[in-house]
Amino acid sequence: MGEISRESENLPLDEESGPEPTTDQSTLIPNGSDIIYDMVCVGFGPASLAIGIALNDAIDPAINGGHTDFAPKVRFVEKQKQFAWHSGMLVPGSRMQISFIKDLATLRDPRSSFTFLSYLNHKNRLIHFTNIGTFLPARVEFEDYMRWCASRFEHVTHYGQDVEEILPGPRNTDGVVDYFTVVSRDTDTKEITSMNARKIVIAVGGKAKMPPSAPMDPLIMHSSKYCTHLPSLLNDTMKPYKIAVIGGGQSAAEIFHDLYRRYPNSQTALIFRDSALRPSDDSPFVNEIFNPGGVSKFYNMTSDERKKHIATEKATNYGVVRLELIEAIYHDIYLQRVENPDEAQWQHRILPETEIVQMERQQETSRIRIHVKSQSEKENKDSLDFDAVVVATGYQRDSHEVLLEKVCDLQPEGLSGWVSDRSYRVALDEAKVSTEAGIWLQGCNEQTHGLSDSLLSVLAVRGGEIVQSAFPNRSANADSDGSWVHASP
């Protein structure tokens, strides 16, 4: 597939935009600061990256049959200093839970130069990967694939910028808002920067969700910081630390399984409310809920039908563990049983049906004391002390509500909360906002778009849907009725 075509780069660059992009960059063009962008993406994780790739492919003449008149002014704004995808959960040996075909481009257009196979070809590993005989690459390799994709957008990405709010622009002569202002703060200098854009995409990911019983303490960390924070906190791998993991899902199980390899002399405990670790359901028919077409099917259901489906399909994603990992953990626990039938003396313990009552720092020991009670025996309470506690209790996906506080007055009258249509566009009052301006939400629409909303499975196709929704009349490869189509090979 090779590198992407650069034919579209004969367009002049703004003098302030720096050197002309190299052949390793995307076809998106950097611009000066005194402009109104066509689109600004807040957050540059996989969701925004998939949108950037879809925009790039809409410009790439190798894909769109020679169209080069579509040249949107785009900027990505990211809080992190560089692209990173769940860097705290790149547990050694962990694999992806979806096929590499569900990368950031293939299901939308396999001709894209941003496919996982293009990445392997670029890295001279294509033939070697085929010899592995798997559709599930290592998580560290898939993260490297996404960093490789992101590196080609560095010339239009502003890292180290923490977006604080989004403001409506001034009313134009028609009395409507036709652009928004993104206000961000430099994470180092604290300098405030503002950018104007007609289209805003908010894709900031989830915030770590901590249980109410967890105090603010460096010894208590969310699972998202496991690989980045725990090694510096517990820096002697041979020391007999005591470590607790709270949660019964995939992340908790991966961490628990990794701990007694990372710290072979440690004592570990996996604590969760359910009666057992439960396997995820990734069987073929059930897995079709993560097909791109499943989003429309779910969206067209009634509210009650959606709630029922989420409850029924929860075992595909929440509080469940891949079967092979459950079996590996059970095997390790079983070997302890062979050596010593007394579970209380085991080095690694699983404590199901256990509720966390309270956590606190013990000043005399500098450890975290966890007060627990058995759910089967309400009066049976106990206290356990640990050198560190890893909490794997998921994420909250409501950051957009804070970012959009100043935009609330532009919502339609009587509408409660932020409502996205099928194309992820937020409902705004047409009498107050121009049709050329809009806001799109990514990763926080599970209640209306289904369980795949915060996952990787639909990103490639969804990126194309966002591009088509934001630029319906300007996208290359758009037919007369505005639907997304591919040019003939």
Query - Meets criteria (out of contact with any helix residue (DSSP H, G or I) (no Cβ under 9 Å at 6 or more places or on another chain), modelled with pLDDT under 95, more than 19 Å from ASN300 (Cβ to Cβ) and among the aliphatic types (A, V, I, L, M)) for LEU415 - result: yes
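Looking at PRO240, is it outside any helix (DSSP H, G or I), without any contact (Cβ under 8 Å) to a residue 60 or more places away in the chain and within 30 Å of GLN336 (Cβ to Cβ)?
Judged against the criteria, PRO240 is a match.
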Query raised in the report: Being touching a residue at least 24 places away in the same chain (Cβ under 8 Å) and either in a helix (DSSP H, G or I) or at positive phi (or both), is that true of even one residue in segment 126-133?
Result: no
Requested in this report: Answer yes or no as to whether ILE289 is over 30 Å from ARG369 (Cβ atoms), of a type in the set (A, V, I, L, M, F, W, C) and surrounded by 13 or more Cβ atoms within 10 Å (Cβ to Cβ).
Outcome: yes
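Condition check ((1) crowded, with 20+ Cβ neighbours inside 10 Å; (2) under 16 Å from ASP385 (Cβ atoms)) across all residues:
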position: ARG198; (1), (2): yes, no
position: ILE202; (1), (2): yes, no
position: GLY205; (1), (2): yes, no
position: ALA208; (1), (2): no, no
position: PRO212; (1), (2): no, no
position: PRO215; (1), (2): no, yes
position: ILE220; (1), (2): yes, yes
position: LEU234; (1), (2): no, yes
position: ILE246; (1), (2): yes, yes
Query raised in the report: What pairs can you find where one residue is in segment 82-107 and on the phi > 0 side of the Ramachandran plot, the other is not charged (D, E, K, R), and their Cβ atoms are less than 7 Å apart, with a gap of 6+ or different chains?
Result: HIS86/SER224
Report task. Could you identify the single residue in ALA138, ALA214, ALA203 that is touching a residue at least 40 places away in the same chain (Cβ under 8 Å), hydrophobic (A, V, I, L, M, F, W, C), in contact with a Gly (Cβ under 8 Å, 6 or more places away or on another chain) and more than 24 Å from SER420 (Cβ to Cβ)? Result -> ALA138
Query raised in the report: What residue, of TRP418, TRP440, is assigned by TED's automatic domain parsing to the domain that holds ASP174 and assigned to a strand (DSSP E or B)?
Result: TRP440
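For ARG261, indicate whether it is among the basic types (Lys, Arg), assigned to a loop (DSSP other than H, G, I, E, B) and in contact with a Pro (Cβ under 9 Å, 6 or more places away or on another chain).
no
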Query - Those helices (runs of 4 or more DSSP H) lying entirely in segment 289-388 with at least 1 residues in the same structural domain as ILE246 (by TED's automatic domain parsing) and over 23 Å from PRO212 (Cβ atoms) - result: 323-339
**Report entry** Leading residue by the ranking (modelled with the lowest pLDDT) among those in segment 382-412 that are of a type in the set (Val, Ile, Thr) and surrounded by 14 or more Cβ atoms within 10 Å (Cβ to Cβ)
**Finding:** THR393
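The values are calculated or read from the model by the stated rules, or taken from the named source; none is laboratory data. Here the structure is a predicted model, which is why all the values come from computation and not from measurement. Neighbour counts are summed over all protein chains in view; Cβ atoms, including those assigned to glycine, are modelled from backbone coordinates with ideal geometry.
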